[in-house]
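Below: one structure, written as structure tokens.
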Amino acid sequence: MADYERIETEGALKHLAKELASEPVVAFDTEADSFYHYFDKTCLVQAATRDRVYLIDPLALGGPAEMRPLAPVFASKKTRKIFHAAEYDLFVLKRDCGFEFQNLFDTMISAQLLGYPAVGLAALAKHHFGISMPKDEQRSDWSARPLRESQLHYAAADVTHLIELTELLEGELEAKGRIEWARWEFENLVRREWPVRGFDEAGYLRIKGAKGLDATALAVLRELYLMRDARAREVDRPPFKVLGNRTLLEVAGRQPETAEALGEIKGVTDLILRRLGREMLTAVEKGIKKPHGPIKRAPGSGRKRMDRRTERRLGRLKRWRSARAKELELDPGVLCPNSALEAIAWCDPTSAAEIGELPEVKRWFARDFGGEIVELLAAQSE
């Protein structure tokens, strides 16, 4: 098990921030509580140098906003920051702490670009170091205090080997001539900004089975969905822990009028009936009184229908991608996602520069494969 030092006071954090600022490389990870709370937050930040692991407790410090002393470390061009699957970590650290990032390395993205069949941290640690990572705390409530020793060891293990793993993966990227691919991916991740996530009042339409409901049942589902979100906010619990989607769907379909009928529905326990039964019946009644109108398509939603020539270009591009990905030992979606292939098919480019201007296409792909794509499409039109 990894040794670690806990950081729980302002003085200790400031001292650590000064130490980390002098390090050439630091590995990081975060733990949040979105599985347990509606209003999720960063609950733990792990940091590792070559010699030591630190577990920084934002809640003991007074909240994520008190992590400000670490801002210069994350923004430093001199200190490399290593993450595994950095996207969510960067999202919560930008949202909760206002951090900006420079000089990032992501071990999961690197493994994808190298064609690893399994890119999870546990799989990479097993492959390279013969180590079995702890798994028993993956669903922990990281907001609960005090943290258990098993949680602390689990959190420390997530950063213990990242620096060594980075050195191995970077060497493989260099050997395969893909290091520039990785650098472009990291830079895009650093520059990414996430919009503020608000409640989607039309989210009930994405519940599996919703589109098959009639107008009345769909209206009931909408009212149940809105009721569930209001209660989830009130008790600070994720909506799925208040009521499951399958229960919402069944209630919408059966439209019970009494508590007894509601209690017969699978997923409606005695506890749910006591706490939410009246509100659920009110939602059913509201939905029945006001059936759902036609489902409006959101602006920009839906895919434009392709003509035959564009469809043929797309088919040729997919066949090319399949063969090229196999040759490179890459997942086809890593080489070029479907959205990028479709954009290229619509554009029908005559130069690699045109491909590079498409927002859906990665810069490294346009640079290294744009010429092949242009030749491929030119041969089709001959």
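Just so it is clear, none of the values below were taken in a lab; they were calculated from the coordinates. On a predicted model such as this, the values are computed, not experimentally measured, just so you know. For neighbour counting, all protein chains shown are included, and Cβ atoms are generated from backbone atoms with ideal geometry for every residue, glycine included.
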Determine the sum of side-chain charges near Y38: Lys and Arg each +1, Asp and Glu each -1, restricted to other residues whose C-beta is under 13 angstrom from that of Y38.
+2
Run the quick spin-label model on A123 and R363: label points 7 Å from Cα toward the beta carbon, then report their separation in nm to one decimal.
2.9
Give me, ordered by chain and number, the residues 5 or more places off E5 or on other chains with an amide H under 5 Å from its own placed amide H.
V53, Y54, L55
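Under the rule a/c < 1.5 gives rounded, and otherwise a/b versus b/c splits prolate from oblate, where does the chain land using the Cα gyration tensor?
oblate
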Which of the helices in the chain meet the span-like rule: DSSP H, Cα axial reach of 24 Å or more, Kyte-Doolittle mean at least -0.5?
215-235, 270-289, 363-381
Once Lys and Arg are counted +1 and Asp and Glu -1 for all other residues with Cβ under 14 Å from that of E285, the total becomes +3
Taking every pair of alpha-carbon atoms in the range 203-289, give the share separated by more than 14 Å as a whole percent.
58
Express as a percent, rounded to the nearest 5, the fraction of DSSP beta bridges in the chain (both residues included) that run antiparallel.
55
Can you give the charge dipole size of the chain about its Cα centre, rounded to the nearest 20 debye, using +1 on the beta carbon of Lys and Arg and -1 on the beta carbon of Asp and Glu?
1540
Need one number: convex hull volume per residue for the range 232-382, Cα atoms only, in Å³.
205
Placed amide H near C43: partners under 5 Å, 5+ positions off or other chain:
E31, A32, D33
Rounded to the nearest 500, what is the chain's calculated 222 nm mean residue ellipticity when only DSSP H runs of at least 4 contribute -39500 (n - 2.57) each, over all residues?
-16500 deg cm²/dmol
Sparse-neighbourhood loop hits (trypsin sites (Lys or Arg not before Pro), the range 55-149; DSSP loop; Cβ within 10 Å at most 10 others) -> K77, K135, R139
Give, rounded to the nearest 20 debye, the magnitude of the charge dipole that the range 203-289 has about its Cα centre when Lys and Arg contribute +1 at Cβ and Asp and Glu contribute -1 at Cβ.
360
Treating the range 139-185 as a set of equal point scatterers at the Cα positions, no solvent, please give the Debye-formula log₁₀ I(q)/I(0) at q = 0.17, 0.27 Å⁻¹.
-0.64, -0.95
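If Lys and Arg each add +1 and Asp and Glu each add -1, what is the summed charge of the other residues whose beta carbon sits under 12 Å from the beta carbon of R237?
Net charge in that neighbourhood comes out at -1.
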Of all DSSP beta bridges in the range 5-191, what percent run antiparallel (nearest 5)?
55
Go through the range 276-382 and name the trypsin sites (Lys or Arg not before Pro) that are in a DSSP coil and have 16 or fewer other Cβ atoms within 10 Å of their Cβ.
K296, R297, R303, K304, R305
What aspartates and glutamates could a cross-link reach from K78, if we take a straight Cα to Cα line under 12 Å and drop same-chain neighbours fewer than 8 places away?
E23
Fraction in percent of alpha-carbon pairs per bin - 5 Å, the range 1-65:
4, 16, 26, 25, 16, 9, 4, 1
When the convex hull of its Cα atoms is projected in every direction, mean area for the range 308-381 (nm²):
4.2
Tell me the volume per residue, in Å³, of the convex hull enclosing the alpha carbons of the range 5-191.
114
Projecting the Cα atoms of I288, M306, P146 onto the charge dipole of the chain, where Lys and Arg contribute +1 and Asp and Glu -1 at Cβ, the residue farthest towards the positive end is I288
